[in-house]
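Remarks on the structure that follows.
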Number of protein chains: 2
Amino acid sequence: MVKRVSFGHAPCPVARALDVIGDWWSLLIIRDAFDGVRRFGEFEASLGIAKGILASRLRDLTEKEVIETAPASDGSAYRDYVLTEKGRGLFLVIVALRQWGEDHLYRPDEPRSSLIDIETNKPVPRLDLRTPAGHPLGWERTRVKKITEA
Amino acid sequence: MVKRVSFGHAPCPVARALDVIGDWWSLLIIRDAFDGVRRFGEFEASLGIAKGILASRLRDLTEKEVIETAPASDGSAYRDYVLTEKGRGLFLVIVALRQWGEDHLYRPDEPRSSLIDIETNKPVPRLDLRTPAGHPLGWERTRVKKITEA
């Protein structure tokens with residue numbers, strides 16, 4: 001990872017979140033973990049990533065308690081890499097990235113993977129931000145309240 | 001930016017999205033733009049980022065049509081950097097990152113900024129993924145359908 005400023009103590013939760021997962025490989029590892037990938041070799045094959053980079057990202061995500069190791073699900077001597085509860089909390093980040101990508105980065109006829117509700121076999125609905133009364137809450141109706149404000 | 005594999009043609013929308021914005025500086029620039037930052041010097045001061053890196057990220061985000069330049073809002077000779085419609089589409093990505101950060105990366109007593117509904121002056125509700133019938137839709141009820149599936 002490129003040496004950089006740490007946002008680990010930032011007052012902004014977005015900055016602090018990016019300090020943990022603000023790296024394309026990390027988010028793709030997390031995406032694969034949601035998709036059922038568990039083994040080092042499976043991540044390597046899925047991502048086309050160099051072993052050394054994969055090992056350092058998995059170590060980093062483990063230190064940050066996003067991923068943990070577990071005995072292999074098939075009883076072999078290997079270790080599985082699985083999302084912790086904190087890691088599973090990133091589901092909506094992955095969904096938000098996916099839906100933005102779907103909206104803006106494909107030609108209409110271009111094939112793409114889709115996220116399916118397994119009970120209906122249909123694509124999942126749009127992520128939604130709504131007021132308690134159920135009205136859509138767009139960016140223009142929000143502002144960031146800094147810690148310096150009363 | 002570190003030279004890396006491009007995901008710009010990936011069949012996975014998450015990978016393709018990260019190809020555009022998968023860099024901590026890019027997402028923090030976008031966060032600041034939502035927060036009303038428009039000038040080069042304002043981004044520089046807000047992020048504590050080197051001029052060269054900021055210039056390259058702004059150029060990159062402009063090429064990818066996430067940000068565009070506009071005449072300065074104060075009528076001066078400067079240019080403003082503002083989000084395009086495509087860029088504003090990243091609002092839910094920023095909200096998802098923020099809410100995950102809030103959930104997992106602060107001690108209970110630790111000060112943090114918050115995202116406020118300007119009409120109620122209260123924090124915005126949780127992002128939500130629900131079925132059309134209104135049931136919560138968690139990660140365990142989803143799967144990714146690859147383009148290789150019929």
When each copy gets a label point 7 Å from Cα toward the beta-carbon at A:PRO108, what are the spacings between them in nm, shortest first?
5.4
Over 21 Å between C-alpha atoms is what I'm after, so list which of A:LYS146/B:LYS51; A:LYS51/A:LYS86; A:LYS51/B:LYS145; A:LYS122/B:LYS145 land there.
A:LYS146/B:LYS51; A:LYS51/A:LYS86; A:LYS51/B:LYS145
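Which value in deg cm²/dmol, rounded to the nearest 500, describes the helix-derived mean residue ellipticity at 222 nm for chain A, given -39,500 (n - 2.57) per DSSP H run of n ≥ 4 and division by the residue count?
Details: 6 runs with 59 residues, N = 150.
When only DSSP H runs of four or more count, the value is -11500 deg cm²/dmol.
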Could you tell me the calculated FRET efficiency between A:ARG130 and A:ILE53, based on Cβ-Cβ distance and R0 = 41 angstrom, to the nearest 0.05?
0.55
Can you tell me the orientation of helix A:91-104 relative to chain A, as the angle in degrees between its alpha-carbon axis and the longest Cα principal axis, to the nearest 10?
70
Rounded to the nearest 10 degrees, what's the angle between the helix A:24-34 long axis and the longest principal axis of chain A, both from Cα atoms, 0 to 90?
80
Give the average, rounded to an integer, of partner chain Cβ atoms located within 10 angstrom of each Cβ in A:104-113.
6
So, counting K/R as plus one and D/E as minus one, what does the shell of residues with Cβ under 10 Å around B:GLY36 add up to?
-1
For the stretch A:1-106, build the convex hull from the C-alpha positions and give me its volume per residue in Å³.
124
tail above 28 Å in the computed P(r) of the protein assembly as shown, as % of all Cα-Cα pairs, reads 39
Under 5 Å, built H, 5+ apart or other chain: amide partners of A:ASP128:
B:ASP128
Counting only other residues whose beta carbon sits under 10 Å from that of A:TRP100, what net charge do I get with K and R as +1, D and E as -1?
+1
Mean separation of Cα pairs under 8 Å and 6+ residues apart, divided by the residue count of chain A: what relative contact order is that in percent?
14
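No lab work stands behind these numbers, since they all come straight from the coordinates. In this text the structure is predicted, and so the values were computed from the model without any measurement. Cβ coordinates were reconstructed from backbone atoms using ideal geometry, including for glycine residues, and neighbour counts include every protein chain displayed.
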